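The values are calculated or read from the model by the stated rules, or taken from the named source; none is laboratory data. The structure displayed is predicted, hence computed values, not measured ones. When we count neighbours, we look across all protein chains shown, and the Cβ atoms used for this are built from the backbone with ideal geometry, even at glycine. Side chains included, ligands, DNA and RNA excluded: accessible areas come from the protein's heavy atoms. Shrake-Rupley method; radii C 1.70, N 1.55, O 1.52, S 1.80 Å.
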Amino acid sequence: MLQSPASDALAQLVHCAPPIVHDGQRLAVLRALALLDTPPEATFDALTRLAVTVTGCPIGAIGLVDARRTWFKAAVGLPQGGESHNDFSFCARAIASERVFEVHDAHADPHFVHNPLVIGPPHVRFYAGVPLLCEGQPVGTLCVVDNRPHRLRADQLAAMEDLGQLAMQALQMRLGQARNTG
């Protein structure tokens, strides 16, 4: 049976990509947050705008990673409420990191070179994502994306980590509110 170029690319991507965290406890915390498929919120939008400003990247997002997709709670340069299938999502891989997860040039990285988000719109070349933890579980990322390769400077990395801490505090507050009303 002949495979199409798209299925060849998917097979290559799935073979090369780092594992996605599909832990039941992680997904339970994500559900308890009650943030998926909700309207924009000023705090998350502001943190995303700051990440884009600090890094100079044209795209930024807070992506929440469920079992099958990464959904964008906040976004700059992408539609808010948009999503990416986890087979292609950089965020779905970044949540397994302990610090900022960077892909300096996706065209040169064997984990991502065949990714449809690299070879097609939005033509990702650079990605940096801070894993966002809630109750110790990675539920998403604060990330920035560019269509040209580069590296974040030390001060930009530190700023992304600081913004990630603020995002995690907002998530923790949201979890407390959800539990108190639910």
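For the chain, the Cβ-based charge dipole about the Cα centre amounts to some 160 debye (Lys, Arg positive; Asp, Glu negative; other atoms uncharged). Counting only protein heavy atoms and a 1.4 Å probe, the chain has 48 square angstrom of accessible area per residue. Where in region 44-78 does the label zone of Q169 land, with the point 7 angstrom along Cα→C-beta and an amide N cut-off under 14 Å? Counting only backbone N, you get 44, 47. Relative contact order (percent) for the chain, with alpha-carbon contacts under 8 angstrom and 6 or more residues of separation? With pairs under 8 Å counted, the relative contact order is 25 percent. Take the Cα of A46, step 7 Å toward its Cβ, do the same at I119, and the gap between the two points is 4.2 nm. Under 5 Å from the amide H of I59 lie the amide H atoms of V145, each residue being 5 or more positions distant or on a separate chain, with H modelled from the backbone and absent for Pro and chain starts. Normalised Debye scattering of region 98-182 at q = 0.11, 0.18, 0.21 Å⁻¹ gives log10 I(q)/I(0) of -0.38, -0.80, -0.94, counting only Cα atoms as equal scatterers and leaving out solvent. If one takes the longest principal axis of the Cα atoms in the chain, at what angle in degrees, from 0 to 90 and to the nearest 10, does the Cα axis of helix 24-33 lie? Approximately 50 degrees, to the nearest ten. Here the accessible area is traced with a 1.4 Å probe on the protein chains. For region 65-182, carbon and sulfur cover 54 percent of it.
Ranked by solvent-accessible area (1.4 Å probe, protein heavy atoms only, all chains present), the residues T38, T141 order from largest to smallest as T38, T141. The modelled label-to-label distance for the pair N180/A28, using points 7 Å beyond Cα in the direction of Cβ, is 2.3 nm. For the chain, the percent of C-alpha pairs falling in each 5 Å distance bin, counted from 0 to the bin holding the largest distance, reads 1, 9, 18, 23, 20, 14, 8, 4, 2, 1, 0, 0. Dividing the summed -39500 (n - 2.57) terms of all DSSP H runs of n ≥ 4 by the residue count of the chain sets its mean residue ellipticity at 222 nm at -12500 deg cm²/dmol.
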